[in-house]
Amino acid sequence: MFYGAVVWDPWLIVAQIVCLQCLYYLTLGVFLSILVGTRVSKMSLVYFFDYATVTASTVTGWCVIASIFLSSVAGAGFLVYLVERAKKCLDFCATLYIIHLFICIIYGGWPSSITWWVVNITSLAVTALLGEYLCMRRELREIPISRYRSNA
């Protein structure tokens, strides 16, 4: 992709958002099944979307919080390959977590837990800042021009 040619492609943006959302929930599911699945008898969507499970008062709640944070770090890695631009990372991260908020509202009502808000806003910040950092590192790599170098 050439960075100088700016073409507004809404289908590409929608596809990137859908891919990012799916990958986020896939990694969240993997981390939840590893950390929470060993502690509970039955895994369900409650651990994904219900704000009551994000609590610091139980060990299972801490496992849910850890899963969310690990998924946010993985989400930063996904941004490098899906979005590829540091200046777009915040937009895509905010979209990801706003869609997650809407799904949580539909599933379990308005999140009234302070812990849920702190965890998700911190995860948004981690995903955005780490994604921007990784994208910047990728953008600033040297472009190899091997065919113009002499073989002496």
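The table below lists the values:
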item	result
Failed criterion for Ala94 (all others in (1) within 13 Å of Leu20 (Cβ to Cβ); (2) in contact with a Ser or Thr (Cβ under 9 Å, 6 or more places away or on another chain); (3) at pLDDT 95 or above; (4) among the hydrophobic types (A, V, I, L, M, F, W, C) hold)	(2)
Number of positions in the stretch 83-99 that are in contact (Cβ under 8 Å) with a residue 40 or more places away in the chain, in a helix (DSSP H, G or I) and under 13 Å from the mean Cα position of the chain (by Cα)	6
Residue satisfying condition, being loosely packed, with under 14 Cβ neighbours inside 10 Å and either farther than 17 Å from Leu129 by Cβ or in contact with a Pro (Cβ under 6 Å, 6 or more places away or on another chain) (or both), within set Ile13, Ile65, Ile34, Ile17	Ile34
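The values are calculated or read from the model by the stated rules, or taken from the named source; none is laboratory data. Quantities reported herein were computed from a predicted structural model and do not represent experimental measurements. Every residue, glycine among them, receives a Cβ derived from its backbone with ideal geometry; neighbour counts consider all protein chains shown.
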